[in-house]
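Everything below concerns the one structure shown next.
The values are calculated or read from the model by the stated rules, or taken from the named source; none is laboratory data. Fair warning: this is a prediction, and the values are worked out from it, not measured in the lab. Positions of Cβ are backbone-derived with ideal geometry, glycine not excepted, and every protein chain shown enters the neighbour counts. These accessible areas exclude ligands, DNA and RNA; they are computed on the full protein's heavy atoms, side chains included. Shrake-Rupley method; radii C 1.70, N 1.55, O 1.52, S 1.80 Å.
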Amino acid sequence: MSSPAPPPAELQANLRQRRVGDRTSSSSPATSSGEPDAPKREEVVWGKTPSGEVFRVPTTHDVLTLFHPGYPKSHIDLLNLALLGTQLVLFFTLPRNVSRAFFFLYFAFWRAAYDLGLGWVLTKQSKRKWIVREVQRLGWLDPDRKPEVRRWIKSQLAGKMGKDYSFDELPLEYNTWLLFRQLVDIILLNDFLAYCMFAFSCFRIPEGLSLTLHIMRWIGGIALIAFNLWVKTEAHQVVKDYGWYWGDVFFQRGALVFDGVFELAPHPMYSVGYAGYYGLSLIVGSYAVLFVSLAAHAAQFGFLVFFENPHIERTYGQRKPLAVRSPIQPRAPRKASEDSLESSHVRKASTSSTSSLAEAPTPAVTEGDTATESEELITEVETETEMVTPPRQLKKLRTHALSSKSSRDSLGRPASPKTRGAISQHDLFHRYFRKDAVLLHNVDMFRASDFQLILILSYAVALTICPTNSLPLHFVHALTWCLFNEFGLGLLLRAQSQNKFLVRHYLKHYHYPQNDRGQGAIREAFQNWKGIYNMSMCMSYVSLGCLAWKTYSVPDWQHWTAGNELLRHTLGALMIGLHIWSSLESYEVLGLFGWFFGDFFIEDYPAHLEYTGIYRYLNNPEVISGATFFGLALVSGSKLVFALAVIRHLSHWWFLSQVEYPHMRKLYGESIRSDAGFVKVIKKVAQKNVRLLESRAGKHAPEIKRVAREVKGTFDKVYEETAEVVEEFLAKSRPKISEVVEDTKVLLQQSRERLVISRVANDLSSYDTNKYRISIVPSADGTLRFHLGEPIRVKWRAPNHHSRKDWIGIYRVGSNQSNLVTKTSSLGMWMPVHDGEYDGDIPIELQKPKRTAGASPDFEEDEVVFTGSVLPWRTGKYEMRYHHDGKYNVMSLDGPFEIYVCVLVVDKPSQLTFDTVRGTLKRIVPLCLDSDPSLIPQSCKGYSAQAEAEDGRDPDDFRFWTERQAKRISLAIEQAFDVELTPDVIVADANLSALANRILTSKELLSE
């Protein structure tokens, strides 16, 4: 296949770097002109294959051309039309009860083909380019191997493309994508039509409803279907055929721009883009259609979670190491009324509960910048977000700088980086957060605050279970916690924002070290606040659940089938699920710092807010958390629960407007964002319709504008007056906040082993085990003793006809009684004999490896190296086992060999010193970090321990790619020094000297 001519230099640059405002696409060529009178020209779009080949992307047509008689039809198109026509014929000929069952099964088949079939195929293509390799292996596009198949495929593709398409000049990846599109069209269209036929076969007119409800039902259903069509159309206008058919799985075509409807909701094609399902369910009036729609929608979300999001992360993501220490400089004092955040562009920074604010996961493509408000440049693997300040991002990622005087401990040991110069965000985060309980997550019964939380929750639940007629008491109980959570804690937070009330309280009543400079009071105030806030959140939900339980009664079977009970329960469960999802999404963006309102207490983090995750679409996603209250009101059918839901919604509205928003204005001034993505999209659509209405209203347009302004002014006035009344009432009834006991952290871990059901090969008689051999290459000292984490090389020898799925595993000596069949799991400690060819689908190399000169013609020899996660990370004696054909038949053994960890001896063998521990860690830590130069401490590379690194970090600092590496260090320390440290502690320290000091302190405490 000949390669196309390389694009001009400016177009090559355009492939890698394009403006956000560009709306070019492979499905509709864009035109541009420098001046109004300049002739229009077609803008060329360039693509690039994984191998680096650059080609011109031709124009494609959408799926609707299948039904246009003016476009030629391929054989696959005719098959598609035949399948669609068959469905229509069956719908009109089959009896309704048969039609209902048939189309249910038929729709289930196409839905499975979409979510399971396409998801599986696209995942393999994304990971290993499986589809392209299959086409290449089968020779479908090879003119020498299968010319007839190639000619047929060429005719099918060329007939549907435009004049700018050349089958012979385009790369294999692009032609394979076009062929794949044909299959996708068959699945999508048949899936859609089968659902419609099933829904129509279930059509009925619900009994017992008034004419008004029937009219509202039809209007609502039609509106949802129209909204569905609008979302799909707008989404296709944004992503074009390239994104619609997952083109980035096959080749790159520059950066994907997500704006318009993609600002309305997360993944609109998979979320709100299925609103038509529920609209059609309303129209046909069938619970069966509703529940099938819910199941199909859930399957689509499964496709998103298990294929789409991982593919986006693989394609556009960027690995970021954990425990990165980036020193931050002290910030200048800031005036509350004059501060404003300068606009800048940063990648998404989502904080998790186990990482610092600088250690954020990579953003998804759909969280990129929009083409509606920015003309900044983006690259094909990065998407940027404009850094402005949303009003709800009060609890968002904010960071301030802190500097402290360097010091040394009383024993003269090197100080931890946390006590030197400018502190890093990593250390600052772990100073204030220690695996805090979030609702019931991270609860530790050996922590006093967590034990108290479980105790009070148990009392609340026990009182509910007791058969007492105390419904008013439960309502008052739930109302009290609701008001305390919103108004009580809201007033406390506002006082903290205005005059540091909590910090001043602890400074006034408690003693702290002289040189503490108030940091101890801040930490203690924030620690106790976290416990109070989490307890209040838990009791608010538990007391609500107890009230709903007391008011709920199981409906009779007749009401389930004839009344609205089933609908109420379904909608209530959906609202509760919506609340859970929004809370998880909010926590993913906010992290521990934002979840606990950290910026009300900690001023050491440099302030910056970012529109990422759910905050890209909503300024205050916490409002959705009220969905649980209304959902339980629907399920229970209780007016008391509904009244509590309304009170909670109004009180949370006060909290946002009177506590969070003023604090945001105090910190960031006038730079606060007014409209979120959802509101912007709605306003754009409304303005478009208003302009359309004005153009048709004629002379009545000024009167319509005047009425609209008056209505808006009335709502604003009511809002302000209501806020003033509530504020005046609360000013007279401020509650007092009591203290809670300081948290004590105890971390426990347990390990477990897994057993396997051994699979035995049936063709073992064809292989002579005497011709198989493995041998362990001795370590540097010439023995079969390897230090923990040290790579282990194994040489193997097997007959030429051996299975290419053979593998070698490491097992502890004595774990398997038989030398013929392995009965236990390798726990991940195994390596394939042929790397990259083990899974048995299609070998990457179709030809067998060439034998080296002088090798036996009857045998194949090679070597595998065990490193990293496939090594044993516990000391002891192990053995190697060579297994046959992906099964557990043992063909050869070698061993035993020993894994050990050595403690460096400096002075006295029986005494641990700082130098002894640090020297041992200098051997252990690099091995646990896979000897990655970008991760290991610079002091382990021959640098002086006292010399500062060029990038400003301590020479003893180290980093991680994954938490698994921290777990290795934890296991190594436990086996070397008999000191247990959790991976969280390892990540928090991430410094040789800090770990050495911690180990010595632990040994001293344990010896007492």
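The table below lists the values:
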{"read-out": "Matching option when the condition is in contact (Cβ under 8 Å) with a residue 24 or more places away in the chain, farther than 21 Å from N80 by Cβ and surrounded by 20 or more Cβ atoms within 10 Å (Cβ to Cβ), among G220, G247, G273", "value": "G273"}
{"read-out": "Top-ranked residue of the range 444-476 - restricted to ones that are crowded, with 17+ Cβ neighbours inside 10 Å and under 37 Å from the mean Cα position of the chain (by Cα), ranked as farthest from G545 (Cα to Cα)", "value": "R447"}
{"read-out": "Residue that is modelled with the highest pLDDT, among those in the range 159-177 that are surrounded by fewer than 22 Cβ atoms within 10 Å (Cβ to Cβ) and closer than 20 Å to L78 by Cα", "value": "M161"}
{"read-out": "Of all residues in the range 196-211 being open to solvent by 80 Å² or more (accessible area, probe 1.4 Å) and either more than 18 Å from F291 (Cα to Cα) or not in a loop (DSSP other than H, G, I, E, B) (or both), the one that is modelled with the highest pLDDT", "value": "F200"}
{"read-out": "Every pair of residues 6+ apart whose Cβ atoms lie under 9 Å, when the first sits in the range 112-124 and is more than 16 Å from D191 (Cβ to Cβ) while the second is assigned to a helix (DSSP H, G or I) and open to solvent by 30 Å² or more (accessible area, probe 1.4 Å)", "value": "T123/W130; T123/F306; T123/P310; K124/W130"}
{"read-out": "The range 509-537, subset within 20 Å of A645 (Cα to Cα) and out of contact with any Phe, Trp or Tyr (no Cβ under 9 Å at 6 or more places or on another chain), residue most open to solvent (accessible area, probe 1.4 Å)", "value": "M535"}
{"read-out": "Residue check for P955: over 31 Å from the mean Cα position of the chain (by Cα), modelled with pLDDT under 90 and of a type outside the set (D, E)", "value": "yes"}
{"read-out": "Scope the range 964-979; condition among the hydrophobic types (A, V, I, L, M, F, W, C) and in contact (Cβ under 8 Å) with a residue 40 or more places away in the chain; matching residues", "value": "A966, I969, L971, A972, I973, A976, F977"}
{"read-out": "Within the range 763-791, considering residues that are touching a Lys or Arg at 6+ places or on another chain (Cβ under 9 Å) and of a type in the set (S, T, N, Q), the one modelled with the highest pLDDT", "value": "S775"}
